[in-house]
């Protein structure tokens, strides 16, 4: 789910056409990152990917995904955490990402 207010602000800041192009780039790049996140077995890599997804998702209004990524990022800072303990959060982020990407694609298609 995307927060339409945040996307509207982006449209006002850079123009609708550029905002839609940037949203497309967000979807493409974030899909790669969510796939890497889901398949990584390295806590440092997971922390970096979660941080990056958190930041970009906030910028485009995918706030639920951003919150989950923030939780993943903070959890990975405790190096005594087991990878298996992150699996439910990563699965949640994957589901939220697909919902956000679907909303974004619908916005792009409606231009």
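The values are calculated or read from the model by the stated rules, or taken from the named source; none is laboratory data. Since the model is a prediction, treat every value here as computed from it, not as a measurement. Neighbour counts are summed over all protein chains in view; Cβ atoms, including those assigned to glycine, are modelled from backbone coordinates with ideal geometry.
Considered as a group, the residues in segment 80-97 that are modelled with pLDDT of 95 or more and farther than 14 Å from residue 39 by Cβ include one that is farthest from the chain's Cα centre (by Cα), and that residue is 88. Each residue in segment 15-54 was checked for being within 9 Å of the chain's Cα centre (by Cα) and surrounded by fewer than 13 Cβ atoms within 10 Å (Cβ to Cβ), and 0 of them qualify. Restricting 106, 100, 93 to residues that are farther than 20 Å from residue 43 by Cα and in contact (Cβ under 8 Å) with a residue 24 or more places away in the chain narrows the list to 100.
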